[in-house]
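Remarks on the structure that follows.
The values are calculated or read from the model by the stated rules, or taken from the named source; none is laboratory data. Keep in mind that this is a model prediction, so the values were computed, not measured. Positions of Cβ are backbone-derived with ideal geometry, glycine not excepted, and every protein chain shown enters the neighbour counts. Side chains are part of the model used for accessible areas, which takes the heavy atoms of the whole protein and leaves out ligands, DNA and RNA. Shrake-Rupley method; radii C 1.70, N 1.55, O 1.52, S 1.80 Å.
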Amino acid sequence: MAEKSVVPVGVRLTTDIEYRPDRLTPYRARVRWFDPATKRRLSLSEGKADEDEAQEWLQSIIEAAEAGLSPSLATMKLAEYGDANMDLALRGLELKTLDPYLAGWRARVVPALGHLPVRMITNGVVDRTVQNWIADEHSRSTVKNTIAVLVRVMEQAVRDGIIKVNPARVTGWQKLYKQAEDELLDPRALALPDWETLIALADALVAASHDQYRGWGEVVTFAACTAARIGEISGCRVGDIDTTQWIWTVRRQTTPAPGGLTDKGTKGKRARKVPIVEEMRPLVAQRILSAGADPDARLFTGPRGGRISTAVLRDATHWDDVVTKLGYEHLRRHDLRHTALTWFADAGVPVHVLRRIAGHGSLTTTQRYLHPDVHKITAAGAALSAHFNALRAPRSLPSPIVMTR
């Protein structure tokens, strides 16, 4: 295709689109220019699926150049930009703040957003990323520090003229945290419909994983039958399983921490007992046999014996791609817990027992898993009780009449 020249402010660009039918992305958009400082001829190119995408990419480069940005700066990835400008972005911070900020950058921001050009990071992209960090069960302080370093880097990008508004200044994420902690208002809507769907999901995740590691599918089915969090499953030891009564005593969870994963107490800071249903017993028995005689051996591990987290499970199985192909775009790892509690409720497990299995602090949270028809019945009972209480309430006596002469 023919080249064309564009003359933006400060930089002269030459753009062209080349069609290469033997490539996966056959339309190569290319921009070339002379660096005003070095007088060297530079170029950038990207392959696109169709000509419209190629034209859009070129247009974004032209608009950036008209605003005074060089093409290399306009297309710079967030990871590269952050590494080059971190000292400026974090200037003025106390030394004790630098470590958690830099840890958040390396462990969360770069893996999630580092591959995107700074100019392509929008409010929506940041919102979804923060939601993923919360779903991955990172602590409030961890998420806060991670957002803070992202805000500072993007603020530097505003000062450099790469973007006009800082998209990392998200608000309301604490409410998302509260909602995640209290469970959702309608957790039943997030549950898988039946056992067959669960097995299909587990098999698909195994097939998508490296070397088709069966352990990923076993973790998924175990979570959906015990109402446990992924971190609690990772923290499960052989000695926690009573194979006589087939009860698991949930004592600990594996959670992200500075320097990696660590074990700590359960979310409610108290142990709870969970039944192991018949469908899971052969799997658990085989796991115990494989782990050996050590009661402290982990029941579930990664393919190399490492500890599991919800983020590890997501990345290892290409979770987002798999659930989208299966038609469950909304499904998160935590929704396996919602699935188990919904199934227990539908099986007729009394709400006070269900609360103990879930480890909920509030009975109101557990009641959200009951079928809506049950809600109506219990509401009717509550209304009648209120009526009885009103009838039994002492009525005030009329004031005595004082006779005067």
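Note on the chain: Cα-Cα pairs beyond 42 Å make up 34% of the total pair count. Of the chymotrypsin sites (Phe, Trp or Tyr not before Pro) in segment 308-380, the ones in a loop by DSSP (not H, G, I, E or B) with at most 16 other beta carbons within 10 Å are TYR328.
Could you give the size of the charge dipole of segment 1-130 about its Cα centre, using +1 on the Cβ of each K and R and -1 on the Cβ of each D and E, expressed in debye and rounded to the nearest 20? Before the final figure, lay out the partial values.
Numbers: 18 positive and 19 negative charges, 80 e Å.
Rounded to the nearest 20 debye, it is 380 debye.
Loop-located trypsin sites (Lys or Arg not before Pro) in segment 83-117 (DSSP state other than H, G, I, E, B) with a sparse environment of at most 10 neighbouring Cβ atoms within 10 Å: ARG91. From the alpha carbon centroid of segment 315-369 to that of segment 13-74 is 47 Å. Look at the dipole of the chain built from charges on Cβ: of VAL220, GLY359, LEU313, the Cα furthest out on the positive end belongs to GLY359.
Annotation for segment 161-226 versus segment 231-256: alpha-carbon center distance of 21 Å. Restricting segment 69-163 to GluC sites (Glu not before Pro) that sit in a DSSP loop and have at most 16 other Cβ atoms within 10 Å of their own Cβ leaves GLU94.
What you get for the chain, charging only the Cβ of Lys and Arg (+1) and of Asp and Glu (-1), is a dipole of about 1800 debye around the Cα centre. With the cut-off at under 15 Å, measuring from each backbone N in segment 334-363 to a point 7 Å along the Cα-to-Cβ line of VAL374 picks out 338-360, 363.
Which whole DSSP H helices in the chain pass both tests: a Cα extent of 27 Å or more along the axis and a mean Kyte-Doolittle value no lower than -1.0?
Working: long enough: 140-159 (28 Å, 0.23); 372-392 (30 Å, 0.22).
Flagged H segments are 140-159, 372-392.
Of the solvent-accessible surface of the chain, computed with a 1.4 Å probe over protein heavy atoms with every protein chain present, carbon and sulfur atoms account for 54 percent. Sort segment 99-143 into rounded, prolate or oblate with this rule: let a ≥ b ≥ c be the square roots of the eigenvalues of the Cα gyration tensor; rounded if a/c is under 1.5, and if a/c is not under 1.5, prolate when a/b is larger than b/c, oblate otherwise. In terms of gyration-tensor shape, oblate. Taking a ≥ b ≥ c as the square roots of the Cα gyration tensor eigenvalues, with a/c under 1.5 meaning rounded and otherwise prolate when a/b beats b/c, else oblate, which class fits segment 119-270? Cα axes put segment 119-270 in the prolate bin.
With +1 on each Lys and Arg Cβ and -1 on each Asp and Glu Cβ, how big is the dipole of segment 246-312 about its Cα centre, in debye rounded to the nearest 20? Could you put the intermediate results ahead of the total?
Values: 13 positive and 5 negative charges, 77 e Å.
So the dipole magnitude of segment 246-312 works out to roughly 380 debye.
Average accessible surface for the chain: 55 Å² per residue, computed with a 1.4 Å probe over protein heavy atoms with every protein chain in place. Relative to its Kirkwood radius, the Cα radius of gyration of segment 342-388 gives an Rg/Rh of 1.02. Normalised by residue number, the volume inside the convex hull of the Cα atoms of segment 227-295 is 97 Å³ per residue.
Cα convex hull of segment 30-115: how many Å³ per residue?
Per residue, the Cα convex hull of segment 30-115 comes to 119 Å³.
Is the shape of segment 280-352 best called rounded, prolate or oblate, per the rule: a/c under 1.5 gives rounded, else a/b larger than b/c gives prolate, else oblate, with a ≥ b ≥ c the square roots of the Cα gyration tensor eigenvalues? Taking the square roots of the gyration eigenvalues as a ≥ b ≥ c, segment 280-352 is oblate. Across SER385, SER60, the residue with the most accessible area heads the list, and the full order at a 1.4 Å probe is SER385, SER60.
Taking each of LYS144/LYS267; LYS175/LYS267; LYS144/LYS269; LYS77/LYS144; LYS144/LYS325 in turn, the alpha-carbon distance tops 21 angstrom for LYS144/LYS269; LYS77/LYS144; LYS144/LYS325. When nucleic acids and ligands are ignored and a 1.4 Å probe is applied, LYS77 ends up with an accessible area of around 70 Å². Counting only heavy atoms of the protein chains and using a 1.4 Å probe, MET76 has close to 30 Å² of accessible surface.
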